[in-house]
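*Asks:* Quick one: the structure is below, and I'll ask about it shortly.
The values are calculated or read from the model by the stated rules, or taken from the named source; none is laboratory data. Note that the coordinates shown come from a computational prediction; the quantities given were computed from them, not determined experimentally. In this analysis, Cβ positions are derived from the backbone assuming ideal geometry, glycine residues included, and neighbour counts consider all displayed protein chains.
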Amino acid sequence: MKVIILGAGAIGSFYGARLSKLNDVILIGRRKHVNYINKNGLRVTGLENTIYKLRAATKVGRIKDETLILLTTKVYDSKKAVSSIKNLIKKDAIILCMQNGLYSENIVKDIVGKECKVLRGITDFGAAFLEPGIVQLNNYGHTFIEKSPTSKEIAEELNKCGLNCYISKDIKIDMWKKIILNCVLNPLTAILRVENNVIADEKLNPIKKLIVDECLEVAKKDGAKFNFDFVKAINDGIENSRNISSMLQDLLKGNPTEIDYLNGAVVELGEKYGVKCPVNEALVMIIKEMEKLNK
């Protein structure tokens with residue numbers, strides 16, 4: 001495949017590295033990261049220790065026929081990133097949105113219209129950006145992509161590169177699963193400044209349940225119903241995770257977070273459906289105050 005990774009942060013760099021083993025990949029990122037990769041390769045540490053040789057650039061020069069574009073920027077950068085390539089996109093291109101956020105792919109669809117196919121993707125790999133040219137793989141995970149006529153081919157290529165890809169039976173359900181996890185994991189780890197596994201502590205179950213219950217009520221109104229213990233599922237899923245959440249990474253670096261597209265998006269959709277979400281709203285306010293303290 002011809003692949004453009006639009007947003008060479010931790011996850012984007014990791015996916016680009018793995019895909020470069022068998023595909024024509026170019027990473028689009030910041031200048032220091034790009035310069036290091038072009039000179040020395042991209043080093044993935046942590047659960048593996050590999051140097052990947054692949055191309056990197058600070059912007060997209062052209063888009064070849066039948067290119068897969070993995071959008072891995074922060075959601076708040078989606079508009080700028082996609083707008084910058086809109087005039088280069090060809091009809092047979094596919095943009096796979098591998099981001100956090102509730103219906104974040106709609107930002108892309110609003111920009112490109114019918115210029116190309118836009119698909120939702122979900123990942124639960126855990127990675128951290130250490131410094132230019134180096135990312136750390138903290139958790140192995142899975143990739144889920146929205147069902148489409150071309151999804152099988154994409155999934156096969158991702159699987160060949162060890163990215164454990166599945167075609168989602170219901171992308172809305174998988175999206176809500178990830179959103180609810182993130183609405184618990186990201187703000188709590190950011191506020192407490194701890195690794196993910198610390199949040200599995202059962203002493204935190206009451207606050208986790210309050211967050212989850214609000215999310216589930218909004219999800220139900222949105223057509224996504226669940227019949228399992230979400231708090232237990234979250235605890236079981238993160239009890240061995242030494243990953244640092246993306247929100248905590250952002251705060252530690254003094255960057256804005258994606259709180260508006262996680263808990264904030266649940267609050268906003270809740271307002272549409274007449275569901276009050278005071279706990280999620282409070283988390284949004286706390287994280288925004290923490291962002292201000294970083295400035």
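*Asks:* Please give the number of the condition E214 fails out of (1) surrounded by 23 or more Cβ atoms within 10 Å (Cβ to Cβ); (2) within 20 Å of Q99 (Cβ to Cβ).
*Replies:* All conditions are met except number (2).
*Asks:* Can we say I51 is modelled with pLDDT of 95 or more, surrounded by fewer than 16 Cβ atoms within 10 Å (Cβ to Cβ) and over 22 Å from the mean Cα position of the chain (by Cα)? Spell out how you get there, then give the answer.
*Replies:* Values: modelled with pLDDT of 95 or more: yes; surrounded by fewer than 16 Cβ atoms within 10 Å (Cβ to Cβ): yes; over 22 Å from the mean Cα position of the chain (by Cα): yes.
Spelling it out, I51 is indeed modelled with pLDDT of 95 or more, surrounded by fewer than 16 Cβ atoms within 10 Å (Cβ to Cβ) and over 22 Å from the mean Cα position of the chain (by Cα).
*Asks:* Let me ask something else. Take K295 and tell me if it is within 23 Å of K74 (Cα to Cα) and within 20 Å of the chain's Cα centre (by Cα). Before you say what the answer is, go through the steps one by one.
*Replies:* Details: within 23 Å of K74 (Cα to Cα): yes; within 20 Å of the chain's Cα centre (by Cα): no.
When the stated conditions are applied, K295 does not pass them.
*Asks:* Give me a count of the residues in the stretch 69-126 that are assigned to a loop (DSSP other than H, G, I, E, B) and farther than 26 Å from N255 by Cβ.
*Replies:* Selection size over the stretch 69-126: 9.
*Asks:* Continuing with this model, one more query. Could you pull out every one of the strands (runs of 3 or more DSSP E) wholly within the stretch 134-248 that has 1 or more residues that are modelled with pLDDT under 95 and of a type outside the set (G, A, S)?
*Replies:* Values: elements: 134-139, 143-145, 165-167.
In the stretch 134-248, the matching strands (runs of 3 or more DSSP E) lie at 134-139.
*Asks:* Could you give every pair whose Cβ atoms fall below 6 Å, whose first residue belongs to the stretch 67-81 and is farther than 15 Å from V3 by Cβ, and whose second residue is small (G, A, S) and part of a helix (DSSP H, G or I), counting only separations of at least 6 or pairs across chains?
*Replies:* If the second residue must be small (G, A, S) and part of a helix (DSSP H, G or I), the pairs left are T73/A81.
*Asks:* Oh, and also: Return the residues of the stretch 62-80 that are surrounded by fewer than 20 Cβ atoms within 10 Å (Cβ to Cβ) and in contact with a strand residue (DSSP E or B) (Cβ under 9 Å, 6 or more places away or on another chain); say none if nothing qualifies.
*Replies:* So in the stretch 62-80, the residues surrounded by fewer than 20 Cβ atoms within 10 Å (Cβ to Cβ) come out as 62-66, 76-77, 79-80.
Answer for the stretch 62-80, where residues must be surrounded by fewer than 20 Cβ atoms within 10 Å (Cβ to Cβ) and in contact with a strand residue (DSSP E or B) (Cβ under 9 Å, 6 or more places away or on another chain): I63, K64, D65, E66.
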